[in-house]
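Engineer: Shown below is the structure under consideration.
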Amino acid sequence: MFRQLNIHKRLTFVLWGTAVLAFVVAGVGLLLYQSYTREHRARQIMEPYAQLVAVGTDAAVAFADPVRAQEILDTLRANPQILEADIFLDDGRLLANFNRVSDARPQPLAEQPDGLYLGADATQLLQTLPKGGRLRISMNLEQLSEQTHQVMWLFGAAMLVLLAATLAQMAVLRRTIARPIASLTEATERVRAGADYTHRIPVSGDDELARLGQSFNAMLDGIQQREDDLRRLAAFQRTILTNAAYGIISVAPDGTVTSFNPAAERLLGYAADEVAGKHMPALWHDPQEVAQHAQYLSSELGETITSGFEVFAARPRRGLTEEREWRFTRKDGTRFSASLSVTALRDAGGRITGFVGLVYDLTERKQVEAEIHKLNQELEQRVAERTAQLTEANKELEAFAYSVSHDLRSPLRHIDGFLGLLREQFPVALDAQSERYMDTISKAVKRMGELIDDLLSFSRMGRQEMTKAPVDLGALVKEVIHEFEPEAEHRAIDWHIGELPVVFGDGAMLRVVLANLISNALKFTQTRQQTIIEIGCLPVQSGHENQTVVFVRDNGVGFDMRYANKLFGVFERLHSLKEFEGTGIGLANVHRVVSRNGGTTWAEGKVDGGATFFFSLPREKPTAAAQIIPSKPTESPSCSDCEGLVAHVGSEKRCPLHPLQ
């Protein structure tokens, strides 16, 4: 019954019960106290009088002087509560007597020991005197009763104060505890009954109930926020399920269908209501295909997988992916191929709460794959035909190259030969102008021959079969520099040869690259009194992590970066023939060779500020059995072979190929 009361009634019951209990306990305790202390209080009043009489009557008792004894007893009249006082000698005779009642005869002394004897209305004290004899004093108890009445009045007043305090406490508790708790209870019921998370309870103060109310309001804020988030998430999920191109099917842990999105309805021909609560594999899967996959899974997982829903759930249960192609059967009996991906749904504790499958129709992809296969076959046929045509064209180009090499060189040799005969037969007859004409013809013939040679070289670089092997770029650079000794003779050249790596490529072709770049550096620094040529390898840089980047830098005439894209084109020149000789084929050859070796080329320069040419090669690690193959079997040049190829460093002269000697 008590538990069925509301909090206000419970508090009222507890407060009133506590007050009544306190009243009863205090009253009973006070009465017991008065009862148990009555003799003690009477003794406290009477013993001083008895002591006074005993001291004053020592001589009167010793000499049996009734007059003196009576004078002492008469002093007790000052206390109106003293009713009677008697002094008896040892032989029992009455020595003196005092009595409030006139003409009252004194009672004989009873044979009782010394002590205090309480009666209903009076108390009697018997005491033996020091000089013999006994004293008897009787006292009225009205004084003690009056004290008890005063205490009871005080107790009653205290009870009234307690009652008022209880009522005040009830009012305070109702306002500070009962009412907030009732408000909190009402809000809780309102939220529970109507899911109204917008309701808030009023909060004032900073006590525990106020903090509870604040926490309750904050909890409602959090619940409302989560409820809004859940609504948005649910709407988002419904939108995805409704508009997804994939069929999405969710099932319970036993394989019973729990949701079926519109894409799945379109794909399989079933309505969501038709499949809800049905067992999945039996609806649209081929039992024979399921049984075959069960055997495969049993072999893969090392345990028996039964044919049925477990075929789709076995791998997801173990945290593995389950995605493969299946043949599905629609409601109308038609069959199609689809990709099915199954994922396990788990709660916060990791327990599986269901599975979700994504079904994607592969019909269009199959058709596209068939088309691609057909196109690939046609493309392969075309490539084969085109390859045959290119092979034939290459043969024709080779024949043309031979024709150029043979047929065009022959007229040039004739021209050059007849020019020589003319000079021999008419050494004096030719005037200065005729000599100039003949020199011009001779130079043109020589340039034509150089162009033919460079074109043939450029053509061979594109058709030459490559033989890749480890190539020591450091040794190759030394060999190429050694070949340019005649050109470098009588020139002050400061060579800076850095540490160069071993690369993987065609040694003969890489020799062509270095020869062209070093030749360019020597040619375009002819106008410098002190030539500086630096050859090195860049450290690994962003964008070239898997490449080795080699550079050749000079302090020559440089070039305008606006024309940098023309440098590696055939017959592209940035300087006239009067300034620098050349055919415009060398850098084109560099670009072709580097490209065939899997790298790239680029350049940086500044007019009259030198130029730097870069080429990159893929980083490839040679096998353990591979050996570094030199570009050609040459010996390292000795210092005596380097005459005319001097690097000037400060005031010293050092061989560029043996800098440590």
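The values are calculated or read from the model by the stated rules, or taken from the named source; none is laboratory data. Everything numeric here is computed off the predicted structure, so don't read it as measured data. Don't worry about glycine lacking a Cβ; one is built from the backbone with ideal geometry, like all the others, and counts go over all protein chains shown.
Engineer: Of everything in segment 33-66, what is assigned to a loop (DSSP other than H, G, I, E, B) and not β-branched (Val, Ile, Thr)? Give them in sequence order.
Structural biologist: Of everything in segment 33-66, those that are assigned to a loop (DSSP other than H, G, I, E, B) and not β-branched (Val, Ile, Thr) turn out to be Phe63, Ala64, Asp65.
Engineer: OK, next. Somewhere in segment 563-578, is a residue more than 53 Å from the chain's Cα centre (by Cα), under 21 Å from Val512 (Cα atoms) and either surrounded by 18 or more Cβ atoms within 10 Å (Cβ to Cβ) or modelled with pLDDT of 85 or more (or both)?
Structural biologist: Taking every residue of segment 563-578 in turn, none turns out to be more than 53 Å from the chain's Cα centre (by Cα), under 21 Å from Val512 (Cα atoms) and either surrounded by 18 or more Cβ atoms within 10 Å (Cβ to Cβ) or modelled with pLDDT of 85 or more (or both).
Engineer: Turning to a different aspect of this structure: Taking the condition of a type in the set (S, T, N, Q) and either within 30 Å of Ala19 (Cα to Cα) or within 42 Å of the chain's Cα centre (by Cα) (or both), does Ser183 pass?
Structural biologist: Against the criterion (of a type in the set (S, T, N, Q) and either within 30 Å of Ala19 (Cα to Cα) or within 42 Å of the chain's Cα centre (by Cα) (or both)), Ser183 qualifies.
Engineer: When the residues of segment 336-371 are filtered to those that are of a type in the set (A, V, I, L, M) and surrounded by fewer than 12 Cβ atoms within 10 Å (Cβ to Cβ), which remaining residue is nearest to Thr258 (Cα to Cα)?
Structural biologist: Step by step, filter segment 336-371, then rank; the result is Ala348.
Engineer: Still on this structure: Counting residues that are of a type in the set (Asp, Glu), which helices (runs of 4 or more DSSP H) fully inside segment 274-368 reach at least 1?
Structural biologist: Where helices (runs of 4 or more DSSP H) fall fully within segment 274-368 and carry at least 1 residues being of a type in the set (Asp, Glu), they are 287-301, 310-317.
Engineer: Checking Gln169 against (1) outside the structural domain of Gly17 (by TED's automatic domain parsing); (2) assigned to a helix (DSSP H, G or I), only one condition comes out false. Which one?
Structural biologist: (1)
Engineer: Being touching a Pro at 6+ places or on another chain (Cβ under 8 Å) and either surrounded by fewer than 16 Cβ atoms within 10 Å (Cβ to Cβ) or assigned to a helix (DSSP H, G or I) (or both) narrows it down to one of Thr242, Thr258, so name that one.
Structural biologist: Thr242
Engineer: Against the definition (out of contact with any helix residue (DSSP H, G or I) (no Cβ under 7 Å at 6 or more places or on another chain), small (Gly, Ala, Ser), surrounded by 14 or more Cβ atoms within 10 Å (Cβ to Cβ) and not assigned by TED's automatic domain parsing to the domain that holds Leu162), how does Ala50 come out, yes or no?
Structural biologist: yes
Engineer: What number of residues within segment 103-156 are crowded, with 17+ Cβ neighbours inside 10 Å, hydroxyl-bearing (Ser, Thr, Tyr) and without any contact (Cβ under 8 Å) to a residue 60 or more places away in the chain?
Structural biologist: 1
Engineer: Out of the residues in segment 1-19 that are exposed (fewer than 14 other Cβ atoms within 10 Å of the Cβ) and either out of contact with any Phe, Trp or Tyr (no Cβ under 8 Å at 6 or more places or on another chain) or on the phi > 0 side of the Ramachandran plot (or both), which is modelled with the highest pLDDT?
Structural biologist: Ranking the qualifying residues of segment 1-19, first place goes to Thr18.
Engineer: Out of the residues in segment 585-607 meeting the condition of being in contact with a Gly (Cβ under 8 Å, 6 or more places away or on another chain) and farther than 22 Å from Lys468 by Cα, tell me which one is surrounded by the most Cβ atoms within 10 Å (Cβ to Cβ).
Structural biologist: Among them, the one singled out is Gly605.
Engineer: Has segment 188-197 got any residue that is surrounded by fewer than 14 Cβ atoms within 10 Å (Cβ to Cβ), more than 60 Å from the chain's Cα centre (by Cα) and in a loop (DSSP other than H, G, I, E, B)?
Structural biologist: No: segment 188-197 contains no residue that is surrounded by fewer than 14 Cβ atoms within 10 Å (Cβ to Cβ), more than 60 Å from the chain's Cα centre (by Cα) and in a loop (DSSP other than H, G, I, E, B).
Engineer: Out of all the residues in segment 277-317, which are at pLDDT below 85 and either outside the structural domain of Arg335 (by TED's automatic domain parsing) or aliphatic (A, V, I, L, M) (or both)?
Structural biologist: If the condition is that a residue be at pLDDT below 85 and either outside the structural domain of Arg335 (by TED's automatic domain parsing) or aliphatic (A, V, I, L, M) (or both), then Met280, Ala282, Leu283 are the ones that fit.
Engineer: Oh, and also: Show the residue pairs that are 6+ apart or on different chains and have beta-carbon atoms under 6 Å apart, the first residue being within segment 517-536 and assigned by TED's automatic domain parsing to the domain that holds Gly556, the second being assigned to a helix (DSSP H, G or I) and not aromatic (Phe, Trp, Tyr).
Structural biologist: Matching pairs, first to second residue: Ile518/Val480; Leu522/Glu487; Ile533/Ala521; Ile535/Val477.
Engineer: Now, a different point. Among the residues of segment 495-541, write down those that are assigned to a helix (DSSP H, G or I) and among the small types (Gly, Ala, Ser).
Structural biologist: Gly507, Ala508, Ala515, Ser519, Ala521
Engineer: Report, by residue number, each residue of segment 137-168 that is of a type outside the set (A, V, I, L, M, F, W, C), farther than 20 Å from Leu31 by Cα and in contact with a helix residue (DSSP H, G or I) (Cβ under 6 Å, 6 or more places away or on another chain).
Structural biologist: Thr166
Engineer: Does Val275 satisfy being loosely packed, with under 13 Cβ neighbours inside 10 Å and either without any contact (Cβ under 8 Å) to a residue 60 or more places away in the chain or in contact with a His (Cβ under 7 Å, 6 or more places away or on another chain) (or both)?
Structural biologist: no
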